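This report concerns only the one structure given below.
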Amino acid sequence: MTHLFLSLWIKLFFVFTPFFGLSMFLSLTEGYDEPRRRRVALTVSLAVAVLCLLLFFGGRQIFSLFGITLDAFRIGAGALLFLSGVGLVQGKPVNAGVASGSELAVVPLAMPIIVGPATIGILMVMGAELEGVREKMAGCMALLAAVACITVVLLMGSFIYRRLGAMGIGILSRLTGLVLAALSAQMIMTGIQAFLCLHP
């Protein structure tokens, strides 16, 4: 279980695209004083945790409702994750819209910047893949640990920016994009392989 926990924790941390999320967080909260920025960061983290838990535990039911197979969703989610990775590598900006206060924390910061379409797909697949109480608990704890890491990154946003600068955060975002591209390739290949085994 420890190996499963660590594997899912690291994977989810990168899927959340923390450094891209940090750059957007700093941009959208520009002009905020530190106490207000911390409040927004905590609200973002709470919203992300609630959204992710709902997706993680509701994935299998959603698949059953729409008659979607897990392998088909693996391929689709992998494709979305690949596009997200390519976007990060290319440094494409996101049209986040205009919001303020608590609205800013939930939309667009929590969703779709941190919990985007690719992240939604990954969480639903992960929740459907894990079977048994122990695996579900390991997945849930890994998810909450990844959200806790995102919370720390956002709370230390100003400090990280002073140390790394915009260029440093941009480089880390591009490296995250490369990791996401590799994860997406693995998901797509797993989905195709499982589909071919079921339909030789």
Express the relative contact order of region 1-159 as a whole percentage, based on alpha carbon pairs under 8 Å and six or more residues apart in sequence.
-> 51
Between Gln61 and Arg162, how many nm apart are label points set 7 Å from Cα along the C-beta direction?
-> 4.6
So what are the radius of gyration and Dmax for the Cα set of the chain, in Å?
-> 17.0, 60
Taking Cα centroids, how far is region 130-200 from region 62-81 in Å?
-> 18
Residue-normalised 222 nm signal for the chain, counting each DSSP H run of n ≥ 4 as -39,500 (n - 2.57), nearest 500 deg cm²/dmol, is -27500 deg cm²/dmol
Points 7 angstrom from Cα along the Cβ direction at Met137 and Leu178: gap in nanometres?
-> 3.8
Quick one: dipole size for the chain, taken about the Cα centre, charges +1 on Lys/Arg Cβ and -1 on Asp/Glu Cβ, in debye to the nearest 20.
-> 320
With x for Gly and Pro, the residue-by-residue ³J(HN,Hα) of region 52-60, computed from phi through the Karplus equation 6.51 cos²θ - 1.76 cosθ + 1.60 at θ = phi - 60° and given in whole Hz, is 5, 5, 4, 5, 5, 8, x, x, 4
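No lab work stands behind these numbers, since they all come straight from the coordinates. What you see is a predicted model; the values in this text were computed from it and never measured. With ideal geometry, Cβ positions are generated from the backbone for all residues, glycine too; neighbour counts draw on all protein chains shown.
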